[in-house]
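Before I ask anything, let me first share the structure, which is written out below as structure tokens.
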Amino acid sequence: MAVIVIDMQRDFIEPGGFGETLGNDVSLLQAAVAPCARLLAAARRAGLPVIHTRECHRPDLSDLPSAKRDRGAPALRIGDPGPMGRILVAGEPGAEIIPALAPLPGETVIDKPGKGAFYGTDLAGVLDALGIRFLVFAGVTTEVCVQTTMREANDRGFDCVLIEDATESYFPEFKAAALAMIRAQGGIVGWTATAAQFEEALDG
Ligand code: TIU
């Protein structure tokens, strides 16, 4: 079993980053921070592998298709200079994981150009090398990068659970719908649990 924390980056969670340039109220994502910290602490106590992902692009933007860069009418596009450096570019302050959830030495950090964490990354190889087949998901946003990655994982044969309170969306109704979709039909791509339930299952 491994824990995957998706894109808990300053660019999504703090003002001045990608999330805000898209017109979102980034304060909505704060609610996931403490449950993510609780999940990480439980995973680390139990010695589970922890994987962090970051949605970001190469500085030359060679991994940014126009189909992604040209979406909508944001205040700043990916690659443009903003208050936390270039929007969603690897190595810039905004692309870093927020300090409260910083990776520990030895934890895997996967930079991903897409919404799903398997696309364009070596995540499948990392999980294969660790012998993992059960994944515990957290992070942002529920219906975009988290749900996409969970669907990708299920198609690849992983059993998946999403920690309900350790994920958030800029749209509370989309979070609720995504959780409902996951739980419906007998758990079509996995199921959900709270951070407390996960902690209790691990710690006994
Ligand atoms: N915009 C939005 O809800 N999400 C993203 O663009 N990326 C992630 O979910 N990480």
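Having 1 or more residues that are in contact with a strand residue (DSSP E or B) (Cβ under 8 Å, 6 or more places away or on another chain) is the bar; report the helices (runs of 4 or more DSSP H) wholly within the range 1-72 that clear it.
The qualifying helices (runs of 4 or more DSSP H) are 10-13, 18-21, 33-46.
Is there any pair with a first residue in the range 13-29 that is more than 16 Å from C56 (Cα to Cα) and a second that is at pLDDT 95 or above and assigned to a loop (DSSP other than H, G, I, E, B) whose Cβ atoms are under 7 Å apart and which are 6 or more apart or on different chains, and what are they?
As it stands, the answer is N24/Y170; D25/Y170; V26/E14; V26/P15; L28/Y170, since those pairs meet every condition given.
Still on this structure, please answer the following. Which residues, taken from the range 38-74, are over 19 Å from E92 (Cβ atoms), of a type outside the set (D, E, K, R) and buried (at least 16 other Cβ atoms within 10 Å of the Cβ)? Give the derivation first.
Filtering the range 38-74 for residues over 19 Å from E92 (Cβ atoms) gives 38-51, 65-67, 70-73.
Then drop every residue that is not of a type outside the set (D, E, K, R), which leaves 39-43, 46-51, 65-67, 72-73.
Across the range 38-74, the qualifying residues are L39, L40, A42, A43, L48, P49, V50, I51.
Name every residue in the range 155-189 that is over 16 Å from the mean Cα position of the chain (by Cα) and among the small types (G, A, S), in order of residue number.
G157, A176, A177, A180, A184, G186, G187
Another question, if that's okay. Can you find, within the range 121-158, the residue that is most open to solvent (accessible area, probe 1.4 Å) among those that are polar (S, T, N, Q) and within 16 Å of the ligand (Cβ to nearest atom)?
Among those that are polar (S, T, N, Q) and within 16 Å of the ligand (Cβ to nearest atom), it is T148.
Of the residues that sit in the range 10-37 and are within 11 Å of the ligand (Cβ to nearest atom) and among the hydrophobic types (A, V, I, L, M, F, W, C), which one is most open to solvent (accessible area, probe 1.4 Å)? Lay out the reasoning, then the answer.
From the range 10-37, those within 11 Å of the ligand (Cβ to nearest atom) are 11-13, 17-24, 26, 28-29; that's our starting set.
Still in the list and also among the hydrophobic types (A, V, I, L, M, F, W, C): 12-13, 18, 22, 26, 28-29.
On the way: F12: 18, I13: 5, F18: 21, L22: 87, V26: 9, L28: 62, L29: 0 Å².
Among residues in the range 10-37 that are within 11 Å of the ligand (Cβ to nearest atom) and among the hydrophobic types (A, V, I, L, M, F, W, C), the one most open to solvent (accessible area, probe 1.4 Å) is L22.
Further question on the same structure: Given (1) open to solvent by less than 30 Å² (accessible area, probe 1.4 Å); (2) at positive phi, where does G91 come up short, assuming only one miss?
(1) is the only condition that G91 fails.
The values are calculated or read from the model by the stated rules, or taken from the named source; none is laboratory data. As the structure is a computational prediction, the values presented were derived from the model and not from experiment. Neighbour counts run over all protein chains shown; Cβ positions are idealised from the backbone, glycine included. To get the accessible areas, we keep the full protein, side chains included, count just its heavy atoms, and leave off ligands, DNA and RNA. Shrake-Rupley method; radii C 1.70, N 1.55, O 1.52, S 1.80 Å.
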